[in-house]
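All remarks here apply to the structure that follows.
The values are calculated or read from the model by the stated rules, or taken from the named source; none is laboratory data. Fair warning: this is a prediction, and the values are worked out from it, not measured in the lab. Note that we place each Cβ from the backbone using ideal geometry, even for glycine, and neighbour counts take in every protein chain shown. Surface areas here come from the heavy atoms of the whole protein model, side chains and all, with no ligands, DNA or RNA. Shrake-Rupley method; radii C 1.70, N 1.55, O 1.52, S 1.80 Å.
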Amino acid sequence: MERLVVCLVCLLCSALALPSPALPGRKASGRIIGGTNADIADYPWQVSFQKLGSHNCGGSIISSSWVLTAAHCVDGLSLSWMSFRVGSSIRESGGSVLQASSGFMHGQYDSDTTDYDIAVVQVSGSLLGSNAQAVSLPSDGYDPAAGLAVTVTGWGRTRTGGPAASTLQKVDISISDRSYCQSFFSRKVTDRMVCAGQAGKSVCNGDSGGPLVSGNMQVGIVSWGAKTCENAPGVYSNVGNLRSWIRSTAGV
């Protein structure tokens, strides 16, 4: 595992442009395509991962003090830039905001292939409260089968290049077979990844790091996708495949 860079980033801050969410096809981030408004009471694990006070990515509550998100969402960021809004359907208001205190990204995360795209961040205080509850996690090695009904939530864009959503969005989709998913992409879809959605029902910039759930169990983390969000399934980090890393790192 790799501790989030804090001291090094602080030393280099004056030389760095602040990282922004990558475009789909590189490190996806964004809003739900083909979705509808959602109530945080129905998805109380959803958080807005904020950078310097503005929505940057999604994430999920996995315990009273830990958030699960994508490695590409934290890569290169100082902990002092990170906070999480919980318990609100509106990404920029309501609920509670907690500051990051420590965190880890997977030591095998590869920014070129987006493999092992997973991170956990600890906060100061408790994430739990009104409309803020932990999601369930699958057993070690769980690999969701093609056709499984799932739901993804987030505050990304409703179309490629469009504005981000202010109200939480959700779309009901299903897991896609890896070989079918692979046909859309030149980059390898590994066992650490699952695919879900279809043309017209997927994720886009701003949804990165958010949860893909089957009922109240999280099976994926929004990771990457096609450059044009409407044209292909989304690719998610496979939570079951990476479950033991979550346990050994966050104790959850």
Work out how much length S166 to S179 would gain on full extension: take 0.36 nm times their residue separation and subtract the Cα-Cα distance, in nm to one decimal.
1.2 nm
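Give the calculated FRET efficiency between L148 and L52 to the nearest 0.05, with a Förster radius of 41 Å applied to their Cβ-Cβ distance.
Once the sixth-power term is evaluated, E becomes 0.65.
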May I ask you to order 67-73, 190-196 by the average number of other C-beta atoms within 10 Å around their residues, highest value first?
67-73, 190-196
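How much length, in nm to one decimal, is gained on full extension between N37 and S186, taken as 0.36 nm per residue of separation minus their Cα-Cα distance? Walk me through the numbers before you get to the answer.
Values: separation 149, 0.36 × 149 = 53.64 nm, distance 3.27 nm.
Value of the extension gain: 50.4 nm.
Whenever you get a sec, compute what percent of the accessible area on the chain sits on carbon and sulfur atoms (1.4 Å probe). Walk me through the numbers on the way to the answer.
Values: 4650 of 9560 Å².
Carbon plus sulfur share of accessible area: 49 percent.
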With all protein chains present and a 1.4 Å probe, the order of K227, K201 from largest accessible area down is K227, K201
Tell me, in nm to one decimal, what length is gained between Q108 and S136 on full extension, where the rule is 0.36 nm per residue of separation less the Cα-Cα distance?
7.6 nm
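For the chain, what is the number of Lys pairs with C-alpha distance below 18 angstrom, counting only pairs 8 or more positions apart or on separate chains?
Working: K27/K51; K27/K188; K27/K227; K170/K201; K188/K227; K201/K227.
Lysine pair count for the chain: 6.
For the chain, what is the mean residue ellipticity at 222 nm derived from helices alone (per DSSP H run of n ≥ 4: -39500 (n - 2.57); sum divided by total residues; nearest 500 deg cm²/dmol)?
It comes out at -2000 deg cm²/dmol, rounded to the nearest 500.
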Base-10 log of normalised Debye intensity for the stretch 46-135 (one unit scatterer per alpha-carbon) at q = 0.14 Å⁻¹
-0.43
Nitroxide proxy distance, nm - points 7 Å out along Cα→Cβ at L128 and K227
4.6
Principal axes first, then extents: for the Cα atoms of the chain, list largest minus smallest coordinate on each axis, whole Å, largest first.
43, 37, 36
How large is the accessible surface of W66 in square angstrom, using a 1.4 angstrom probe and rounding to the nearest 10?
20
Could you compute the FRET efficiency for E92 and A199, with r as their C-beta to C-beta distance and R0 at 30 Å, rounded to 0.05?
0.50
So what is the accessible area of the chain per residue, in Å², with the probe set to 1.4 Å?
38
